[in-house]
1. Only residues that are in a loop (DSSP other than H, G, I, E, B) and crowded, with 16+ Cβ neighbours inside 10 Å: list them for segment 186-198, please.
2. Given the criterion out of contact with any Phe, Trp or Tyr (no Cβ under 7 Å at 6 or more places or on another chain) and away from ligand 4 (no atom under 16 Å from the Cβ), identify the matching residue among Arg76, Arg153, Arg184.
3. When you go through (1) surrounded by 20 or more Cβ atoms within 10 Å (Cβ to Cβ); (2) away from ligand 3 (no atom under 16 Å from the Cβ); (3) over 24 Å from Asp164 (Cα atoms) one by one for Val49, which number turns out not to apply?
4. In segment 50-73, which residues are away from ligand 4 (no atom under 15 Å from the Cβ) and more than 28 Å from the chain's Cα centre (by Cα)?
5. Being in contact with a Gly (Cβ under 6 Å, 6 or more places away or on another chain), on the phi > 0 side of the Ramachandran plot and surrounded by fewer than 18 Cβ atoms within 10 Å (Cβ to Cβ): is that true of Gly371 here?
6. Name the residues in segment 86-98 that are assigned to a helix (DSSP H, G or I) and farther than 13 Å from His138 by Cα, would you?
7. Among the listed residues Leu254, Leu286, Leu295, which satisfies the condition of being in a helix (DSSP H, G or I), within 23 Å of Ser204 (Cα to Cα), away from ligand 4 (no atom under 14 Å from the Cβ) and more than 23 Å from the chain's Cα centre (by Cα)?
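Each value in this text was obtained by applying a stated rule to the coordinates, not by laboratory testing. Given the structure is predicted, the values throughout are model-derived calculations rather than measurements. Neighbour counts are summed over all protein chains in view; Cβ atoms, including those assigned to glycine, are modelled from backbone coordinates with ideal geometry.
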Amino acid sequence: MPFNPLNERGLPLERQLRSWSELNVEPYRTEEVHPYTRCRVIVMNGVEVEAIIFSHNFNRNCADVELKQRLQMVRRMEQQQQKAVNWLIPGEAKENAIEVTIGYEQVAVDLTAWLARHEPDPYLRQVYEFGLLEDFDHLYRYANLMDLMGNGRKAEEITGSYTDITPGRPTIFEHRDPRDDIRRPMTVQAAHRQSILNAQTLVSAEQQTMNYYMNFGNRPTDPLARALYLEIAEIEEQHVSHYESCLDPTSSWLTNWVLHENHECWLYWSFLQTEVDPRIRQIWELHLAMEIEHLRIAAEALEQIEGKDAAELIGAGYDAPMTFEENKAYLKKVVAEQVELTAWDSQFVPISDLPQGHRYFAYQAKVNAGGSPTEEVIRRHRQEFGTEYRREDAPHSVPALQEEGPHEKLAYWQVTRANGANLGASPAE
Ligand SMILES: [Fe+2]
Ligand SMILES: [Fe+2]
Ligand SMILES: [Fe+2]
Ligand SMILES: [Fe+2]
């Protein structure tokens, strides 16, 4: 039986307001937390942030005072939910910001992989697999940084053995002309209900990652750490543009409000079923009850103002919960098949298919002039430790990536250099 939030009874809005002490939850213990519990906390924080930012934008574009008040009533509860979720992450001395970053990229890997595997539309699946390989590479670059920053913890203490830490599409090659980040939109009418939920999930998660790096990236003192955050933050902007352009641009604000509340319901419902920490499970349960009420309020507004039925947007409900689980075998396959893809307008093509003089090469030559921090972090790790940091159960599925970087045998390296980009100095040895 699918779970249909429109048929459920939620927690009335007047009972949702919580006190400061209720919101100031006790953080999880970093030594004990399941890596995928951390992932769920990071995702739900991003989803609540998106709910809030969306609602603020709606408010700025809405002249109806009575509707603005309804939005504000719900928005205040979204803010409280965001606090209760994000305050589960321990303070700097217990889990520092680079360790949290490893959690963010583990989310990007295992969330995107699950969504791609459960995406019914072949084009959207390709969009997700394309982004997946890029975040997979970020995890490996940050893991090397974490090791260099030297507080003794390894990235695998954050990720567990669930996620490989090894090169994906090398970040140096992810930088593309802005026009090549725009994808084909779906339409709410024609799209599978799961496709809408999948795209909303990626937009929220990538936007939160972008914001986190934009704000945290200047906090380290070390110039290499600052440079690494800066370079990867620019890719997260590409990812937000890439995923958000999949959404239906013709939906009304009220339709989008209903879709947002429905999306929050789906993820709390999903995490409620898969959470292993009983205390955090209670938060997912409480927040699901709140979201069911938010959805009812948004659906009522859609009906009153536009005369539209929210049931048509939501369909029969959800069949499958989003599940954090291992995707190692799937990733090995996707890396082997797609590492050399790049984007041209809304299509994905092997880099060797780009014509000479394509705007990709001009962009690469400009931003990578003088080398790239994501390459430098690996070089520095090899200088200090004699090797790079990886965590993988079997050799890399791309032979050229089995060797330590830089990856001069990759077509990316050869084609990009042949087109005039300076990819930085070769490593010292
Ligand atoms: Fe919410
Ligand atoms: Fe990333
Ligand atoms: Fe990303
Ligand atoms: Fe909500």
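1. First pass over segment 186-198, keeping only residues in a loop (DSSP other than H, G, I, E, B): 186-192.
Scanning segment 186-198 gives Met186, Val188, Ala191.
2. Arg153
3. (2)
4. Of everything in segment 50-73, those that are away from ligand 4 (no atom under 15 Å from the Cβ) and more than 28 Å from the chain's Cα centre (by Cα) turn out to be Cys62, Ala63, Asp64, Val65, Glu66, Leu67, Lys68, Gln69.
5. Values: in contact with a Gly (Cβ under 6 Å, 6 or more places away or on another chain): yes; on the phi > 0 side of the Ramachandran plot: yes; surrounded by fewer than 18 Cβ atoms within 10 Å (Cβ to Cβ): yes.
Spelling it out, Gly371 is indeed in contact with a Gly (Cβ under 6 Å, 6 or more places away or on another chain), on the phi > 0 side of the Ramachandran plot and surrounded by fewer than 18 Cβ atoms within 10 Å (Cβ to Cβ).
6. Asn86, Ala97
7. Selected residue: Leu254, the only one of Leu254, Leu286, Leu295 that is in a helix (DSSP H, G or I), within 23 Å of Ser204 (Cα to Cα), away from ligand 4 (no atom under 14 Å from the Cβ) and more than 23 Å from the chain's Cα centre (by Cα).
Here is a yes/no grid of residues against (1) in a loop (DSSP other than H, G, I, E, B); (2) among the polar types (S, T, N, Q); (3) touching a residue at least 40 places away in the same chain (Cβ under 8 Å); (4) surrounded by 24 or more Cβ atoms within 10 Å (Cβ to Cβ):
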position: Pro120; (1), (2), (3), (4): yes, no, yes, no
position: Tyr128; (1), (2), (3), (4): no, no, yes, yes
position: Leu145; (1), (2), (3), (4): no, no, yes, yes
position: Asn151; (1), (2), (3), (4): yes, yes, yes, no
position: Gly168; (1), (2), (3), (4): yes, no, yes, yes
position: His175; (1), (2), (3), (4): yes, no, yes, no
